[in-house]
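Below: the structure, in structure tokens.
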Amino acid sequence: HGVLFRGNKEGAIRRKLLENRLVYAVIGLPEKLFLNTGIPVCVLVLRKSENTLVIDASKDFKAAAKQNFLTIENTEKILSALRLRTDIEKYSHLAGTGEIAENDFNLNISRYVDTYEPPPPIDIVAVTREMADLNRQIRQTERKLLDFFRDMVGMDEQHENEMREIVTIWEGICGEYAEQTSETL
């Protein structure tokens, strides 16, 4: 898609084409559409026109292992947008020469077609329940670990003091959880 926004000579050529109203349409296609490149490509339709239709067809394809394909439906959708030459939400935008000039003759598709999809709403009650359940599981696991440490006290005289200290630390941790739980409820 570099041809749509790069500067220098590419930018000068693009600007001349746009100023002379020769860019009829810009069509953004999906990645892996061609065997020799995995990057998404675009097609510039050159034809005299007062406005430039910008189409984002990058999400309309049939995925395959090594190469993606445009289905007949995908192709018909692109052709239909070309015939209609109008704004289609999240798909196409008919940009006037002034609008393109305001964008410094940059034809980057995302400047003209907003495809942003907001993330789905978070079920805060379900997330809170899951967090509470995970915290219960953590406390249960820590209590089991404490029981294992207690079982180890007295087994090895050489490490008796270390094990008692470990048990004291873990009793403190488990006690803190019990206090926090009773305070927050």
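The values are calculated or read from the model by the stated rules, or taken from the named source; none is laboratory data. Remember, predicted model here, so these are calculated numbers, not experimental data. Cβ: placed from backbone, ideal geometry, glycine included. Neighbour counts: every protein chain shown. Remember, those area values only see protein heavy atoms, side chains included, never the ligands or the DNA or RNA. Shrake-Rupley method; radii C 1.70, N 1.55, O 1.52, S 1.80 Å.
Here are the numbers for the structure shown:
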item: Residue that is surrounded by the most Cβ atoms within 10 Å (Cβ to Cβ), among those in region 1-17 that are touching a strand residue (DSSP E or B) at 6+ places or on another chain (Cβ under 9 Å) and modelled with pLDDT under 85; result: 1
item: Which listed residue is over 30 Å from residue 175 (Cβ atoms) and either open to solvent by less than 60 Å² (accessible area, probe 1.4 Å) or out of contact with any helix residue (DSSP H, G or I) (no Cβ under 7 Å at 6 or more places or on another chain) (or both), from 124, 78; result: 78
item: Test: residue in region 72-86 that is under 20 Å from residue 4 (Cβ atoms), assigned to a loop (DSSP other than H, G, I, E, B) and in contact with a His (Cβ under 8 Å, 6 or more places away or on another chain); result: no
item: Some residue of region 128-140 being within 30 Å of residue 24 (Cβ to Cβ) and surrounded by 10 or more Cβ atoms within 10 Å (Cβ to Cβ); result: no
item: Residue check, residue 30 assigned to a loop (DSSP other than H, G, I, E, B) and open to solvent by less than 40 Å² (accessible area, probe 1.4 Å); result: yes
